[in-house]
Structures are given as C-alpha cells and as structure tokens.
Amino acid sequence: MSIKIGTRGSKLALVQADTVCRKLTAMGIGVEQVVITTQGDTNHGVPLHEIGGQGIFVRALDDAILSGEIDCAVHSMKDIPAVRPSGLFTAAILKRDSPADYLTYPSALPAVNVIGTSSTRRRAQLLRHDPGITIKDLRGNIDTRLRKLNAGEYDAIVLAEAGLIRLGIRVPGERLPVEKFVPSPNQGTIAVVSRADPSLMETIAALDHPQTRTDTAIERAVMEHLGGGCFTPLGIYCRAGHLIAEVLSLDGSRTERIETDVPTIERAREQGRILKGRAQDLIDDAYKKLKVVP
C-alpha cells in the first residue's frame, strides 16, 4: 500500500507531515507527500477571526481528500473545526507534545510592553495577567513572527511551544503555565485525517495514542458546546482526565472557569453546558464586538 499524504507548505506543517511519513515508512508503508495551499497561507495580514477562523487551514485539504487527490492529511489538531464534512475521519492522533504557549523576548522581561499575537485567547489571558501591556496583531509562520520580533516591531511574541520544539528552534523566553494560560483545545497535538476507507483507516490507526485521543476528545466535547473558536477567548485543556476550561472577555477583565476531573465524554459535554451557561454573555459580547454572526 502507498499513501498520498497532504500537508500545508509551511516549515512546521512539513515537519509534522514528515513525522507521520517516517512512522508509516518504518511500518513498511509507502508514502508520498503532496503540498496543498490553503486560504490561511495566503492571507497573512488579516486576523483569523476576519477570514473564517482556524478552519481556513483545513478546508483545502479536506477538499483534496474528498476529491481523491490525496488519501489523508496531517494537521495541527487545534486547527480542525468541530463540524466536519461527511466522509472524513480522524484516523490517528499522535502522542501530544507540549500544550503550552511560549513567551519569547530578546531583552529582559521587565522591558516587555508590546506583545504580538492575533489570538483572542492569548490577548485576553495576557491582559488579565497585566492590563498595562499593549497587544499588537501578529500573523505569519514562525520564521516571519520571529523576524518581526527581532526587527523590534514587538518586545515579545507568543508562540506554541510544540512548534518551536518540532522545528528545533531555541529562543530566549519562558513557557507560560497551562494552569494560568490555558491552551487552545488540542494544542500541541498532530492529527491525521483520512477518507472513510476501512483499510486506510486501519493502517493509519497504528499511529494513534489512546490517552491523547481521550484527552483531546474531552477538550473538543467542551469546545463544541461553547462554540466561539477564534472569536471568543477560550482555553480548554485536559490531561489524563483532569479538565481546565475558561472563557474570558476580550479585554481579559472577566473570566468564567471550571476545573474538575472528567471520566467520560458525556461528563465533558455536561461541563461544557455548565460553562456556556455561565459565560454566555462573554460569548455574545465577543461575537458582537468582532461583528460575527453566531
């Protein structure tokens, strides 16, 4: 069997796809990488919430699977929307890397006043931590973001630590604690999405990490009830069944949060419903201010 594996063309996406390819090759499976350009790769200057959210990185790859151009696609799992097209299946979820955000800064931390990020979650969490800082939008791949930081456009920027590790990039800064800076749901996780072909799915499933699949499923169950994605500042993180989830106001001044052990997906959905009930005004306010129709 030979498998055509689709990926975005960024350095990080290619490294993630290569990780999957090497694992399959070690199993004696032939692989071929196919680079697909997505809308998210061609709209670097626009905040994600203005061009459709994280799903813009996924749609072109979904279409390529459904059309038969590729057999499967490798994604950062946090980019995969909650609602999925019929005929697609998350065949494997690799063991999770670091879920944490990383604050990188070339100078001393007290000199940090302007921080770059286009994530509403990161913006709100940073402002909650220090309302006196200034947050400026920042898009582009990791190299582009680091170049803008080193050019002095920002005092610091926030990146996913997993991306830095996968690319072998070492930069000064610090990991932000997940208990306080709760990550995006599924952050730090690589997923392989395939068409619903039993033979193909069975082959790819050999890469699956059961605990990561369970934890990410819990996070997604909560996310599906909250909605919001790139629009509402929300963090959801589960480790070995221990769930932390929060919804913030856009300016970080208000937070609704739950922290509890979640033994089942149904319990996760229940917690999502509870948190949404508490945070509905924050969700509505984010949609209104970002001019998004729920």
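Derivation of every value follows stated rules applied to the coordinates shown; laboratory data play no part. Nothing here was measured: the structure is a model prediction, and the numbers come from that model. Heads up, the Cβs are rebuilt from the backbone with ideal geometry, glycines too, and the neighbour counts pull from every protein chain shown.
Computed quantities for the displayed model
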{"read-out": "Per-selection Rg to Rh, region 56-126 - Cα, Kirkwood hydrodynamic radius", "value": "1.13"}
{"read-out": "Base-10 log of normalised Debye intensity for region 169-294 (one unit scatterer per alpha-carbon) at q = 0.09, 0.10, 0.11 Å⁻¹", "value": "-0.31, -0.38, -0.45"}
{"read-out": "Bridge type composition, the chain - antiparallel percent by DSSP, nearest 5", "value": "70 percent"}
{"read-out": "10 Å binning of all Cα-Cα separations within region 106-145, expressed as whole percents from 0 upward", "value": "28, 53, 19"}
{"read-out": "Viscosity 1.002 mPa s, 20 °C: Kirkwood-radius Stokes-Einstein D of region 218-271 over Cα pairs, µm²/s", "value": "190 µm²/s"}
{"read-out": "Euclidean distance between Cα centres, region 146-181 to region 249-294, Å", "value": "27 Å"}
{"read-out": "Entries of LYS11/LYS276; LYS95/LYS276; LYS148/LYS289; LYS95/LYS289; LYS180/LYS276; LYS136/LYS276 with Cα pairs more than 25 Å apart", "value": "LYS11/LYS276; LYS95/LYS276; LYS148/LYS289; LYS95/LYS289; LYS136/LYS276"}
{"read-out": "Region 101-175, Rg to Rh (Cα coordinates; Rh as Kirkwood inverse mean 1/r)", "value": "0.92"}
{"read-out": "The chain: projected area of the alpha-carbon convex hull, averaged over directions, in nm²", "value": "14.6 nm²"}
{"read-out": "Burial ordering of GLU256, GLU270, GLU219, GLU32, fewest other beta-carbon atoms within 10 Å first", "value": "GLU32, GLU270, GLU256, GLU219"}
{"read-out": "Signed unit charges on C-beta, dipole axis of the chain, positive-most listed residue ILE70, ILE236, THR117", "value": "THR117"}
{"read-out": "Axial C-alpha extent at least 20 Å, average Kyte-Doolittle at least -0.5 - helices from the chain (DSSP)", "value": "11-26"}
{"read-out": "Dipole magnitude of region 169-210 about its Cα centre (Cβ charges: Lys, Arg +1; Asp, Glu -1), debye to nearest 20", "value": "240 debye"}
{"read-out": "For region 192-209 and region 82-141, distance of Cα centres in Å", "value": "29 Å"}
